[in-house]
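Quick notes on the structure that follows.
The values are calculated or read from the model by the stated rules, or taken from the named source; none is laboratory data. What you see is a predicted model, and the numbers here were worked out from it, not measured in a lab. Using ideal geometry, Cβ is built from the backbone for each residue, glycine included, and neighbour counts are taken over all protein chains shown. Heavy atoms of the whole protein, side chains included, go into the accessibility calculation; ligands, DNA and RNA do not. Shrake-Rupley method; radii C 1.70, N 1.55, O 1.52, S 1.80 Å.
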Amino acid sequence: MKFTVVAVGKLKERFWADACAEYLKRLQPYGKTVVKEVADVDPARVGGIDAAREREGAAILAVLSDATHVILLAIDGKERSSEGFSRRIDALKLGGASDISFVIGGSDGVSEAVRARADETLSFGPITLPHNLARVVLLEQLYRAQKISRGEPYHK
């Protein structure tokens, strides 16, 4: 199993990077998990928000393989409990998916091309999360999903 997290922007603060590194380390026994960062684009430098979204979108699409199942994180996506998320990952695996990519867009969202490429959307609820925190939460939930799937204990 391979998980890829495609995220717009870099983790600037060490505590975000440390948290992500910890969950990436914990995920390694369950399959390959990688993070691919694409540059965020300043709308003021490219003629506005739409142009920035398009450039970020092109960069996102460039790193997604044709065979990957794409799950876009979006506030309007499907909400799932941790158990439901684990069941969804299991269902994808049973259905033949061996490569799943999660996309975390930029602060102004993603382009229509990225939305069109997504096979499904996932939401962590109606709250707005900073993108750095969304990345940590996603990695934690991926780890939790693997533990749930295997019936292994996980702290509550």
Computed ³J(HN,Hα) along segment 5-15: with the Karplus parameters 6.51/-1.76/1.60, θ = phi - 60°, integer Hz and x for glycine or proline, the list is 10, 9, 10, 7, x, 9, 7, 8, 8, 5, 5
Give the Rg (one decimal place) followed by the Dmax (whole number) of the chain, computed from C-alpha coordinates and expressed in Å.
15.3, 51
Counting only DSSP beta bridges with both residues in the chain, tell me the antiparallel percent, nearest 5.
5 percent
Provide the per residue accessible area, probe 1.4 Å, for segment 50-110, rounded to a whole number of square angstrom.
48 Å²
If you place +1 on the Cβ of every Lys and Arg, -1 on the Cβ of every Asp and Glu, and leave all else neutral, what size is the dipole of the chain about its Cα centre, to the nearest 20 Debye?
600 debye
Could you give the length gained on full extension between THR121 and MET1, defined as 0.36 nm per residue of separation minus the Cα-Cα distance, in nm?
41.2 nm
q = 0.13, 0.19, 0.28 Å⁻¹: log10 I(q)/I(0) that the Debye formula gives for segment 11-60, counting C-alpha atoms only:
-0.48, -0.74, -0.96
